[in-house]
Structure formats: structure tokens, C-alpha cells
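Comments concern the structure below.
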Amino acid sequence: MAYETFGEMLSPFITEGIFAAIVSLSVVFAFLLVIAVYVYFALAWRTIAQKLKFKNSWLAWIPFANLAMILQLGKFHWAWIFLLLIPFAGWIAVFVLIIIAKWRIFEKRKYPGWFSLSLIIPQVGGILYLIAIGFVAWKKR
């Protein structure tokens with residue numbers, strides 16, 4: 001009888017501990033996934049910048065500077081990145097400029113420009129963009 005009472009008392013702690021462990025592992029996994037995707041994009045854009053003879057290809061590793069680099073590779077002035085300081089309207093404008101710049105970059109690398117539109121496809125766009133940027137960066141053409 002005492003054993004059942006002790007087991008019943010211990011049960012919520014075990015359940016909460018298992019739940020906490022699952023949440024902690026999920027957070028760690030998500031963090032590692034975000035880091036891996038960031039490194040992949042940085043390597044891909046650095047490679048693309050080098051192939052297009054951009055002298056500051058190391059900018060691909062710096063947040064916001066990598067967007068300025070993409071704008072420059074797409075023949076826009078880097079200062080358009082400051083539109084990000086304007087909420088909503090500026091963000092949309094920079095998003096459109098980035099899409100146009102990527103279209104131009106992909107065509108310079110002799111790939112279809114519509115690869116840049118893969119980001120706007122719901123649900124599968126991110127995965128398609130991962131594949132497209134890998135082709136543009138590392139596949140021989």
C-alpha cells in the first residue's frame with residue numbers, strides 16, 4: 001500500500017521530467033538545424049560570389065551584410081538594405097529587391113531565374129530553395 005502511494009506521488013515528477021527532456025532536446029535540435037542551414041547558405045553564397053568574381057565574398061557570413069552582397073551581385077546598390085529599418089513596407093520592398101537580384105544572379109550563372117521564386121511557394125518553397133541554391137553554387141554548368 002505504501003509502495004503504491006509513493007509510486008503515485010512520484011508519477012507526476014517522472015512525467016514532467018520526461019516532458020522537460022523532450023522539450024529540451026527539441027530546442028537543441030532546432031538550434032542545431034538553424035545553425036546548419038545558416039552555414040549551408042553562407043557557403044553557397046560565398047561560392048556564388050567567388051564564381052561571379054565578387055571581391056568581398058566573405059560578406060556571405062555576416063547577417064544583413066550578406067543581403068547587401070546579394071543586392072550588389074544583382075546590380076542594385078547595397079544601401080537598399082536600409083529599407084529593413086522601415087517596418088512592413090520596407091521589409092516587403094527589400095524582399096522584392098532580393099528576389100529580383102537573385103533572379104539576375106541565377107541567370108548570370110546560366111540557371112533559370114525562376115529558381116529565385118521558389119521561396120514564395122507555400123510549404124515546400126524553403127526546401128526547393130535549398131536545392132536550387134546548391135545547384136547554382138556547386139554544380140558545373
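A straight line joining the Cα centroids of segment 39-102 and segment 17-31 runs 34 Å. Estimated at 0.36 nm per residue, the fully extended path between residue 108 and residue 36 surpasses their Cα-Cα distance by 23.2 nm. Between residue 77 and residue 96, full extension at 0.36 nm per residue minus the direct alpha carbon distance yields a gain of 5.4 nm.
Karplus-derived 3J(HN,Hα) values for segment 64-73, using 6.51 cos²θ - 1.76 cosθ + 1.60 with θ = phi - 60°, are 6, 5, 5, 5, 5, 5, 4, 4, 5, 5 Hz; glycine and proline are entered as x. Peptides 67-76, 80-89, 14-23, 124-133 ranked from most to least packed give 67-76, 124-133, 80-89, 14-23, packing being the mean of other C-beta atoms within 10 angstrom over each peptide's residues.
Which values of log₁₀ I(q)/I(0), to two decimal places, follow from the Debye formula for segment 2-138 at q = 0.13, 0.18, 0.22 Å⁻¹ with a uniform point scatterer at every Cα? For segment 2-138, the Cα-only Debye profile gives -0.63, -1.04, -1.37.
Treating r as the C-beta distance of residue 128 and residue 24 and R0 as 35 Å, the FRET efficiency rounds to 0.65.
At an R0 of 30 angstrom, the distance between the Cβ atoms of residue 65 and residue 15 translates into a FRET efficiency of 0.05.
Remark: the residue 58-residue 120 segment gains 19.6 nm on full extension, using 0.36 nm per residue and subtracting the alpha carbon distance.
Bear in mind these aren't lab numbers, they're just calculated from the coordinates by the rules spelled out. None of these values were measured; they are calculated from a predicted model. For neighbour counting, all protein chains shown are included, and Cβ atoms are generated from backbone atoms with ideal geometry for every residue, glycine included.
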